Amino acid sequence: MNIKAILFDIDGILIKGEKKLFSRRLSEEYNIPIEKINKFFEKDFRECSFGKADLKEKIRPYLTEWNWKGNINDFLQYWFKSESIKNKEINTKILNKIVELRKHQIKCYIATRQEKYRMKYLSEDIGLKDYFDGIFCTCDIGYDKSEPEFFNKILKKLNLKSEEILFFDDKEKNINIARSFGIKAHLCDDSTSLDKLNLYE
């Protein structure tokens with residue numbers, strides 16, 4: 001198998017753990033009606049995830065409505081830490097495999113749906129950037145992973161044939177879009193699929 005690059009999702013692949021949404025946790029821990037929180041995530045947050053708006057600007061009026069006592073940065077720290085650490089863990093098995101892959105000259109990239117502040121937190125504070133050759137994020141590309149434009153831009157950037165690329169994700173709709181381009185996409189949540197593939201020949 002002549003694989004030259006592998007794309008990895010973050011949530012569900014690189015970060016594992018409890019499936020509870022942050023909106024639900026915020027509602028329970030701060031006694032905020034879930035309807036008030038969902039109003040933000042169903043519209044404004046989507047715009048931030050695709051680089052159409054700035055999260056700090058969009059969330060400001062909601063923090064007032066939710067009666068948040070701290071500032072915006074306090075809220076983002078609470079949010080990102082709870083999403084990345086609390087009840088979750090970095091998938092070290094996958095990261096160790098990535099170190100091995102890169103030693104064999106196989107490029108490894110993140111392919112994820114994130115807004116820019118959480119992406120920066122995961123990349124720099126958590127340190128994911130140290131394991132990868134690059135990051136493809138919806139907030140930079142402007143399209144979701146379930147849209148053809150996302151993978152079209154990745155293919156142009158990598159300048160590789162689609163059959164030379166692997167993609168690991170935990171959502172079937174993203175897998176199907178990648179496969180429509182000829183990318184070898186796998187639905188998985190650990191390194192088992194990687195171990196079964198003979199990537200070095």
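The values are calculated or read from the model by the stated rules, or taken from the named source; none is laboratory data. Values in this document were obtained by computation on a predicted structure and should not be read as measured data. All Cβ positions, even for glycine, are placed from backbone atoms using ideal geometry, and neighbour counts span all protein chains on display.
Those helices (runs of 4 or more DSSP H) of the stretch 71-172 in which 3 or more residues are within 19 Å of Lys56 (Cα to Cα) occupy 72-84, 116-120, 138-141.
Per-residue answers, yes or no, for (1) in contact (Cβ under 8 Å) with a residue 60 or more places away in the chain; (2) more than 22 Å from Ile6 (Cα to Cα); (3) of a type in the set (S, T, N, Q):
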residue	(1), (2), (3)
Lys52	yes, yes, no
Glu57	no, yes, no
Asn67	no, yes, yes
Tyr78	no, yes, no
Asn91	yes, no, yes
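Of the residues making up the stretch 61-70, just one is in a helix (DSSP H, G or I) and among the charged types (D, E, K, R), namely Glu65.
Filtered by the rule that a residue be closer than 16 Å to Ile13 by Cβ and polar (S, T, N, Q), the stretch 91-145 gives Asn91, Thr92, Asn96, Thr112, Gln114, Ser123, Thr138.
Do we find a residue being out of contact with any strand residue (DSSP E or B) (no Cβ under 9 Å at 6 or more places or on another chain) and farther than 30 Å from Gly182 by Cβ anywhere in the stretch 5-19? Yes, the conditions are met somewhere in the stretch 5-19. Based on what the data block shows, is Lys58 assigned by TED's automatic domain parsing to the domain that holds Ile34, in contact with an Asp or Glu (Cβ under 8 Å, 6 or more places away or on another chain), surrounded by 16 or more Cβ atoms within 10 Å (Cβ to Cβ) and of a type in the set (Lys, Arg)? Judged against the criteria, Lys58 is a match. Within the set Leu76, Leu63, the sole residue that is under 19 Å from the mean Cα position of the chain (by Cα) and either within 19 Å of Tyr121 (Cβ to Cβ) or surrounded by 13 or more Cβ atoms within 10 Å (Cβ to Cβ) (or both) turns out to be Leu76.
Answer yes or no as to whether Glu172 is at pLDDT 95 or above and closer than 27 Å to Lys20 by Cβ. No; evaluated as a whole, the condition is false for this residue.
If the requirement is being modelled with pLDDT under 95 and over 12 Å from the mean Cα position of the chain (by Cα), which of these qualifies: Gly127, Gly134, Gly182, Gly142?
Gly127
Taking the criterion of being assigned by TED's automatic domain parsing to the domain that holds Asn159 and in contact with a Cys (Cβ under 8 Å, 6 or more places away or on another chain), the only residue of the stretch 9-49 that qualifies is Ile13.
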